[in-house]
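A.B. asks: After the structure tokens below, expect a handful of questions from me.
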Amino acid sequence: MNETGRAAIRQTLEGTTRGTTDQADGFDKFQLGGYRADPSTTPKGAVVVIQEIFGVNHHIRAVCDRLAGEGYVAVAPAIFDRIERNFQSGYSPDEVALARRFIANPDWAAMLRDTEAAIDAVKDVGPVGIIGFCLGGSIAYAAATKLSGLSAAIGYYGGAIVRLADDKPKVPTQLHFGEKDAGIPLSDVETIRAKRPEVEIHTYPGAQHGFHCDERASYDKASADIAWPRSLTFFARHL
């Protein structure tokens, strides 16, 4: 993207447990919200965290806080702000149904622009990684293939990755899938493996979609407790 695509996070006055609610300018000067958490020591690098369909909610902010606890600046852009500002959702059936409207006709280009704004906002910290969950997992993979400024990418149960697998990531990439994910058959995972042998792929027996989120009914602690350290090790190796 050319220089008009650059952006900078501007901290607002609203605070949270560890981080702050921020804003960024997209390349088209759209005011994008988000959440940023900073480590208490000199950062090792930065990680962009891409949400599920539930917005930058408590879970995504907690992921940012965990990454800050590991020494990374973590920023989660609110990629639904172009549709509805500050959208956040829980995980009840009614809330899931409401959140699904955001992906009925997703604007991938806009979400990638806003992802790049977040990358640009933290690039001065050091090497930048990206991690995403569900929708965010697919965006993280797409970012690894299309955007500049990344050093590593991690995607959790991204359902669209199989449709993007002809595109080769430009940075080391790690993917995580549950073997019991009703929305991502193992045949899709095997297609990704075949097309992208250079990508590190892990599957988790018994794990469903959303297995990493401890606020969802599909949370699988045993799988999450394996996947998260793998993710941290991957970032430590490449950031």
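A.B. asks: Do we find a residue being modelled with pLDDT of 95 or more and closer than 25 Å to Ser218 by Cβ anywhere in the stretch 146-154?
C.D. replies: Yes, the stretch 146-154 contains at least one residue that is modelled with pLDDT of 95 or more and closer than 25 Å to Ser218 by Cβ.
This table checks each residue for (1) surrounded by fewer than 15 Cβ atoms within 10 Å (Cβ to Cβ); (2) farther than 23 Å from Val73 by Cα; (3) in contact with a Leu (Cβ under 8 Å, 6 or more places away or on another chain); (4) among the aromatic types (Phe, Trp, Tyr).
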{"residue": "Val162", "(1), (2), (3), (4)": "no, yes, no, no"}
{"residue": "Asp188", "(1), (2), (3), (4)": "no, yes, no, no"}
{"residue": "Val199", "(1), (2), (3), (4)": "no, yes, yes, no"}
{"residue": "Pro205", "(1), (2), (3), (4)": "yes, yes, no, no"}
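A.B. asks: Moving on to the next point. Just one of the numbered conditions (1) in contact (Cβ under 8 Å) with a residue 40 or more places away in the chain; (2) more than 19 Å from Ala37 (Cα to Cα) is not true of Ile83; which one?
C.D. replies: The single condition Ile83 does not satisfy is (1).
A.B. asks: If you don't mind, another one. Of everything in the stretch 45-68 that's part of a strand (DSSP E or B) and touching a residue at least 60 places away in the same chain (Cβ under 8 Å), which residue is farthest from His212 (Cα to Cα)?
C.D. replies: Gly45
A.B. asks: Tell me, please, whether a residue that is farther than 15 Å from Thr203 by Cα and free of Cβ contacts under 8 Å to residues at least 40 places away in the same chain can be found in the stretch 176-185.
C.D. replies: So far as the stretch 176-185 goes, no, none of its residues is farther than 15 Å from Thr203 by Cα and free of Cβ contacts under 8 Å to residues at least 40 places away in the same chain.
A.B. asks: Only one residue in Ala62, Ala74, Ala68, Ala99 is of a type in the set (Gly, Ala, Ser), at pLDDT below 95 and either surrounded by 15 or more Cβ atoms within 10 Å (Cβ to Cβ) or within 20 Å of Tyr141 (Cα to Cα) (or both), so which one is that?
C.D. replies: Unique residue meeting the criteria: Ala99.
A.B. asks: What do you reckon, is Glu116 over 18 Å from Ile53 (Cα atoms) and either out of contact with any strand residue (DSSP E or B) (no Cβ under 9 Å at 6 or more places or on another chain) or of a type in the set (Asp, Glu) (or both)?
C.D. replies: yes
A.B. asks: Please determine whether any residue of the stretch 124-140 is more than 17 Å from Val49 (Cβ to Cβ) and touching a Ser or Thr at 6+ places or on another chain (Cβ under 6 Å).
C.D. replies: No, every residue in the stretch 124-140 fails to be more than 17 Å from Val49 (Cβ to Cβ) and touching a Ser or Thr at 6+ places or on another chain (Cβ under 6 Å).
A.B. asks: While we're looking at this one, here's another question. Quick check on the stretch 119-127. Is at least one of its residues surrounded by fewer than 22 Cβ atoms within 10 Å (Cβ to Cβ), more than 24 Å from Phe211 (Cα to Cα), among the acidic types (Asp, Glu) and without any contact (Cβ under 8 Å) to a residue 40 or more places away in the chain?
C.D. replies: yes
A.B. asks: Also, quick follow-up: Pick from the stretch 69-90 the residues that are of a type in the set (Gly, Ala, Ser) and not in a strand (DSSP E or B): which of them is nearest to Val49 (Cα to Cα)?
C.D. replies: Only one residue fits best here, namely Ala78.
A.B. asks: Considering each residue of the stretch 96-148, count those that are among the aliphatic types (A, V, I, L, M) and within 24 Å of Gly183 (Cβ to Cβ), and give that number.
C.D. replies: Of the residues in that region, 18 qualify.
The values are calculated or read from the model by the stated rules, or taken from the named source; none is laboratory data. It should be emphasised that the depicted structure is a prediction, and the values quoted were computed from it without experimental measurement. Note that each Cβ is placed from the backbone with ideal geometry, even for glycine, and that neighbours are counted across all protein chains shown.
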